[in-house]
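Here the structure comes first, spelled out in structure tokens, and everything after it is commentary.
The values are calculated or read from the model by the stated rules, or taken from the named source; none is laboratory data. Here the structure is a predicted model, which means the values were calculated and not measured. When we count neighbours, we look across all protein chains shown, and the Cβ atoms used for this are built from the backbone with ideal geometry, even at glycine.
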Amino acid sequence: MANTEGGISTIANKAPPKSFLSAESHATSTVAVHADDILNASADVAPALHVSTTFRYASNPDDLVSTRDLKGPLPNDTHIYSRHTAPNSTRLETILQPLLHAPCCTYSSGLAAVHAAYVFLKPRVIANGCGYMGCQGVIDMHQKLTGAKVVGLDCAPEELGKGDVVHLETPFNPTGEAVSIRKYAEKAHAQGAYLLVDSTFGPPGLQEPFGLGADMVMHSGTKYLGGHSDMLCGVLAAQRDDWVKTLREERTYLGSVMGNMEGWLGVRSLRTLGLRVERQSANAEKLVNWLYSSLHRESPDDENASGKVVQKGVMEVQHASLQHKDMEWLKEQMPNGFGSVFAITMQTEDLARKLASRTKLFHHATSLGSVESLIEWRAMSDKMIDRRLVRVSVGIEAYEDLKEDLLSAFKSLTDGSAE
Ligand SMILES: Cc1ncc(COP(=O)(O)O)c(C=O)c1O
């Protein structure tokens, strides 16, 4: 009997089964609910949670095929040891594949996925700019291990060579503003480098980076894909099967697989991804619009008292929907909305520190992409940030309630009524 626990093998690293549904043949919402139907082996409509770390081989000795003798992949949903593959995360990958337009590999967290990307791509130069500081931490570790050079996103093209990486986060943390994927794909490809897109802020339904030139796409599945603030997950996708095969093999040794519970929660979550993202993004755009027009109203009168209140407390609002001069490429890149995250810069640090204590619906917490609205005085988790900045992640609550909640928080701060 083959012992595969310690070694990379075709058995252990088989790709998840391909669904008969695809993003081309069916709408995303249908794919999210049915792409894993091919894995239904029991009458359960809701998939089971499998907790086993190890799986029985065939009981008939004649049916045993040793690793060395195995010619093709194992039958659907056959597993050996859960550091290789497991039923719940395989089901999640089966649904993600058509949603992401590429085969993919799941990880224990977004940063575990970023780390796996660098182990696989082994760049000597990384161009990195805007975005989440945690990814910079992973890049620092890659630099420590390999001596790789880190340059700015807008470095001279000659600074990049064959096999190097342009690391692009868009929309980016913490403002929710976006940069052009196509522009950076062209820059990378002209030098033989790869474009790695962190599309965490632009989940399926909002942004499709492969269509714009990405070579590899990463998601922190902890955010929109999970969507309920209850699971950590990372995803790497690539349109080259050979890349994903190697990612799978390397994941066996990195050991950074998702937990079974998280895989199960992920499947539960993807069913409603489209509905959630559409609602969150629309809510955010309406809130941003309201704040922006309040801020830029020249003489806020009584009829629009909210204008006065906003102007007293807020200095600036940032979100991709406000990138008016970029709308031509932005509408191509994000045709269905710009995501739920935006930033408010308050007039003073003191107002920014207090704002979250005055909201009732927005929880004061980090993270984003979930059904509940979050607000964070960003200095709580980012050392480098402007201390007047507050990051908002909008949930699926009713827009009017969220607007009212923010407005009464601004009022209580600026007229001191809740001091
Ligand atoms: C853009 C972005 N990428 C990656 C990550 C890391 O994801 P995780 O927390 O799942 O490791 C985050 C987390 O906030 C993020 O915002």
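A few comments on the model shown:
- Condition check for Glu349: at pLDDT 95 or above, buried (at least 16 other Cβ atoms within 10 Å of the Cβ) and either within 22 Å of the chain's Cα centre (by Cα) or not basic (Lys, Arg) (or both): no
- Scanning the range 199-244 for residues that are in contact (Cβ under 8 Å) with a residue 60 or more places away in the chain and among the polar types (S, T, N, Q) returns Thr200, Gln207, Ser220, Thr222, Ser229, Gln239.
- Options Ala190, Ala178, Ala185: the member that is in the same structural domain as Asp154 (by TED's automatic domain parsing) and surrounded by 23 or more Cβ atoms within 10 Å (Cβ to Cβ): Ala178
- The listed residues are Leu206, Leu265, Leu212, and the only one of them that is within 16 Å of the ligand (Cβ to nearest atom) and over 15 Å from the mean Cα position of the chain (by Cα) turns out to be Leu265.
- Condition check for Gly339: within 15 Å of the ligand (Cβ to nearest atom) and outside the structural domain of Ala178 (by TED's automatic domain parsing): yes
Yes/no per residue for (1) under 21 Å from Leu351 (Cα atoms); (2) within 16 Å of the ligand (Cβ to nearest atom); (3) touching a Ser or Thr at 6+ places or on another chain (Cβ under 9 Å); (4) basic (Lys, Arg):
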{"residue": "Leu225", "(1), (2), (3), (4)": "no, yes, yes, no"}
{"residue": "Val235", "(1), (2), (3), (4)": "no, yes, yes, no"}
{"residue": "Ser256", "(1), (2), (3), (4)": "no, yes, yes, no"}
{"residue": "Gly259", "(1), (2), (3), (4)": "no, yes, yes, no"}
{"residue": "Leu275", "(1), (2), (3), (4)": "no, no, yes, no"}
{"residue": "Glu285", "(1), (2), (3), (4)": "no, no, yes, no"}
{"residue": "His296", "(1), (2), (3), (4)": "yes, no, no, no"}
{"residue": "Val310", "(1), (2), (3), (4)": "yes, no, yes, no"}
{"residue": "Ala320", "(1), (2), (3), (4)": "no, yes, yes, no"}
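- When Gly163, Gly176 are checked against the criterion of being within 16 Å of the ligand (Cβ to nearest atom) and at positive phi, a single residue qualifies: Gly176.
- Candidates are the residues of the range 85-102 that are surrounded by 21 or more Cβ atoms within 10 Å (Cβ to Cβ) and over 21 Å from Asn40 (Cβ atoms); the one that is farthest from the ligand (Cβ to nearest atom) is Ala102.
- Flag for Leu196 being within 14 Å of the ligand (Cβ to nearest atom), buried (at least 19 other Cβ atoms within 10 Å of the Cβ) and touching a residue at least 60 places away in the same chain (Cβ under 8 Å): yes
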